[in-house]
Amino acid sequence: MSFGKISKEAIKELQDALGENNASADPGLCAVYSYMNSMGGSLLGVWFPMPVAVVLPSTTEEVMAALRICKKNGLKAKPHSSGWIVLALSMSQDCVIMDLRRMTHLEINKEDGYAVVEPYCSAGEQQVEIMKLGLNSHVNGAGPNASNLASATSCQGSGGTSQSMSNSERNCLGVELCLPNGEEVLRMGSPGTPNAGWFCGDGPGPSLRGMMRGAIGSMGSHGVYTRCGMKCYPWYTKPFHCEGSPPFFDARPLANYSLRTAFWPDYDSECDALYRIGESELTDYCARLGPGAYEEAASTSNEEYMSMVESGIYRNTFPKGAWTFSIAASCPEEHDCRINILEKIVDDTGGIMIDPVDLGNDAFQVVFQTAIRGCYIFKAAFMPTGSWSCFPPMSYETIDNIWKVNQPVNCEIKKDMIAKEAISDDYYDNVYASLDEHSHFGHDESPYHIDLWEDKGMDLEGYARGIMETPRKKIPLLYSPMPKNMGTYGKFIRKICDLLDPDRVMDSIVGKFFITESLDKIDELEKEPFRQKAKV
Ligand SMILES: Cc1cc2nc3c(=O)[nH]c(=O)nc-3n(C[C@H](O)[C@H](O)[C@H](O)COP(=O)(O)OP(=O)(O)OC[C@H]3O[C@@H](n4cnc5c(N)ncnc54)[C@H](O)[C@@H]3O)c2cc1C
């Protein structure tokens, strides 16, 4: 852990602007924001640079005020919504964490089918409220606890319902962005036009979605997003209802809603089936879990987890992982028709399909609640070591590339690391994947579990191998484009940051990784082959 300093005057200014209880430089409190034994933390260690202060703004005006104070005092600011990943922690020693947990507002426009959310309205809260009105929304694989706004504006956004409800950023219908200087608020999409509402991301105000997102979002580098419009979709059946206590709530069955679990003997037939399932626009939820993920999700203790590993209950049933599909139809006829087509495709391609009820009630509840609310992926992530991460390659890819290029690289690395006992034996093929918009394209990642407090716990070697393999196989490293264009891409990302934050107020991860070009040199990008090709 490293320590920076904040002057008494600066913390006083923050307290005067936000209220005495909403700005603190207390080392005990700041330390809480520097520990994360999770994704990325496994690579870098569990302690991150300690922020010099933490602030809790509650309005757009307070966010602006805090940004102005940071700028004036030479401090950096890091937005933090639900803080589910390490990139929401400080990366510098002079950073103020802007924890947005007091900004919880949710506003629903039923007629036009959208919701307007603030940073700490979670994906789950939005979903619960809109389901009462016959609407539904995408919950990304991070689960219902994560911020919908953060996922839509700043950070990734993929999950099993991407198949029918797209990735979080594609549902983003306009934003309010506090620019890093704390002087201007930029409204993109229809909110940019007074009284137009939040219905459209592509104008009449400026449409800057591509610039806002890049590959997976700017991770807090562009300023602080304070409001965002989210597209909603129809939900034909009753609101989802659960009873009982964690981890296995009992969810009530839903009309015209079914689940199926399917697996194939080899990747060729699996790919063929996935292309056909997408092209038929059949399923609402579509994601793959490895057998290890079932053990992690369905066990209630590490003892039970180990007994599942030893019995091989999931490893023997579907050693090559299993896909979950859901069908949420508007009437019984549509439901039966979609199930029949799904059965035929799985049959034609040599797969096996079961009703997950046959896996037992616990496994069924895991599958059911994950398909609707993304509930159990994070349980799987933190069992059994309490920590996880992913080796590269981790990417958005075509179905063939996922299974025939990325997955073998991931599995080879994991097998070796498991053999050395550097990471836990969660079965080497624990690849998680989801597909987008009934297309040929999807997201895959290869999670592993590690306990850095254990003597042999070590994952750097796996990272190094993944990084070396990606250029050789010409695959993206961590969502970035093909290595050939990576330099150009990075320079554009950096240029956008320079335009929005010339004074470097934001605690920017982009600024740290793409530090190659100064602003005046960036115009040279016009000469790059990539750019010339686009002009032709
Ligand atoms: C177990 C686990 C599973 C995950 N699975 C998935 C998955 O399947 N799909 C997926 O897409 N992601 C996944 N993630 C990654 C990530 O947690 C999600 O993308 C999540 O939705 C982001 O929301 P958050 O509230 O966690 O954001 P935070 O952790 O608070 O922030 C994420 C990034 O966005 C920035 N940010 C946050 N709020 C703002 C704001 N208001 N303005 C500007 N910048 C902001 C932060 O600075 C940070 O860099 C997973 C993470 C974990 C821990």
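The values are calculated or read from the model by the stated rules, or taken from the named source; none is laboratory data. Nothing here was measured: the structure is a model prediction, and the numbers come from that model. No Cβ is skipped: glycine too gets one built from the backbone with ideal geometry, and neighbour counts run over all protein chains shown.
Per the conditions (1) surrounded by fewer than 19 Cβ atoms within 10 Å (Cβ to Cβ); (2) out of contact with any strand residue (DSSP E or B) (no Cβ under 8 Å at 6 or more places or on another chain); (3) modelled with pLDDT of 90 or more, the sole criterion not satisfied by ILE354 is (2).
Got a sec? Which helices (runs of 4 or more DSSP H) wholly within the stretch 265-328 have at least 1 residues that are buried (at least 22 other Cβ atoms within 10 Å of the Cβ)? Steps first, answer last, please.
Working: elements: 267-279, 291-298, 302-311, 313-317.
Fully inside the stretch 265-328 and qualifying: 267-279, 291-298, 313-317.
Among the residues making up the stretch 161-204, those that are of a type in the set (Val, Ile, Thr) and within 15 Å of the ligand (Cβ to nearest atom) are THR161, VAL175, VAL185.
Restricting attention to the stretch 184-207, the residues being touching a Lys or Arg at 6+ places or on another chain (Cβ under 7 Å) and either among the acidic types (Asp, Glu) or exposed (fewer than 14 other Cβ atoms within 10 Å of the Cβ) (or both) number 0.
Filter the stretch 500-517 down to the residues that are part of a helix (DSSP H, G or I) and at pLDDT 90 or above and list them by number.
Residues of the stretch 500-517 that are part of a helix (DSSP H, G or I), as a first pass: 500, 509-513.
Scanning the stretch 500-517 gives a single hit, LEU500.
In the condition set (1) farther than 16 Å from HIS222 by Cα; (2) at pLDDT below 95, LEU56 is compliant with all but (2).
If I go through the stretch 419-453 residue by residue, how many of them are part of a strand (DSSP E or B) and either surrounded by 17 or more Cβ atoms within 10 Å (Cβ to Cβ) or among the β-branched types (Val, Ile, Thr) (or both)? It would help to see each step written out before you state the result.
So the first thing to find is which residues in the stretch 419-453 are part of a strand (DSSP E or B), and the list is 432-435, 441-449.
With either surrounded by 17 or more Cβ atoms within 10 Å (Cβ to Cβ) or among the β-branched types (Val, Ile, Thr) (or both) added as a condition, the list becomes 432-435, 442-449.
Result for the stretch 419-453: 12.
The set of residues in the stretch 124-154 that are under 17 Å from GLY201 (Cβ atoms) and either in the same structural domain as VAL86 (by TED's automatic domain parsing) or not polar (S, T, N, Q) (or both) comprises HIS138, LEU149, ALA150, ALA152. Just one residue in the set THR283, THR300 is within 20 Å of GLY442 (Cβ to Cβ) and of a type in the set (S, T, N, Q); that residue is THR283.
Between TYR233, TYR257, the distinction of being in contact with a His (Cβ under 9 Å, 6 or more places away or on another chain) and either of a type in the set (A, V, I, L, M, F, W, C) or surrounded by fewer than 19 Cβ atoms within 10 Å (Cβ to Cβ) (or both) belongs to TYR233 only.
Within the stretch 98-140, the set of residues being buried (at least 23 other Cβ atoms within 10 Å of the Cβ), within 12 Å of the ligand (Cβ to nearest atom) and closer than 20 Å to GLN163 by Cα comprises ALA123, HIS138, VAL139, ASN140.
Just checking, how many residues over the stretch 209-226 are of a type in the set (D, E, K, R) and either more than 12 Å from the ligand (Cβ to nearest atom) or not in a helix (DSSP H, G or I) (or both)?
Of the residues in that region, 1 qualify.
Residues considered: MET98, MET103. Of these, the only one that is within 16 Å of GLU13 (Cα to Cα) and in contact with a strand residue (DSSP E or B) (Cβ under 9 Å, 6 or more places away or on another chain) is MET98.
A single entry from CYS172, CYS155 fulfils the requirement of being touching a residue at least 60 places away in the same chain (Cβ under 8 Å) and either crowded, with 21+ Cβ neighbours inside 10 Å or out of contact with any helix residue (DSSP H, G or I) (no Cβ under 7 Å at 6 or more places or on another chain) (or both): CYS155.
Tallying residues that are of a type in the set (A, V, I, L, M, F, W, C), away from the ligand (no atom under 11 Å from the Cβ) and assigned to a helix (DSSP H, G or I) within the stretch 377-406 yields 4. In this structure, does SER258 turn out to be assigned to a strand (DSSP E or B) and small (Gly, Ala, Ser)? In short, yes.
Residue-wise test of (1) without any contact (Cβ under 8 Å) to a residue 24 or more places away in the chain; (2) more than 15 Å from the ligand (Cβ to nearest atom); (3) over 30 Å from SER446 (Cβ atoms).
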{"site": "ASP16", "(1), (2), (3)": "yes, yes, yes"}
{"site": "ALA23", "(1), (2), (3)": "no, yes, yes"}
{"site": "VAL46", "(1), (2), (3)": "no, no, no"}
{"site": "ALA53", "(1), (2), (3)": "no, yes, yes"}
{"site": "LEU56", "(1), (2), (3)": "no, no, yes"}
{"site": "GLY74", "(1), (2), (3)": "yes, yes, yes"}
{"site": "PRO79", "(1), (2), (3)": "no, no, no"}
{"site": "SER90", "(1), (2), (3)": "no, no, no"}
{"site": "VAL96", "(1), (2), (3)": "no, no, yes"}
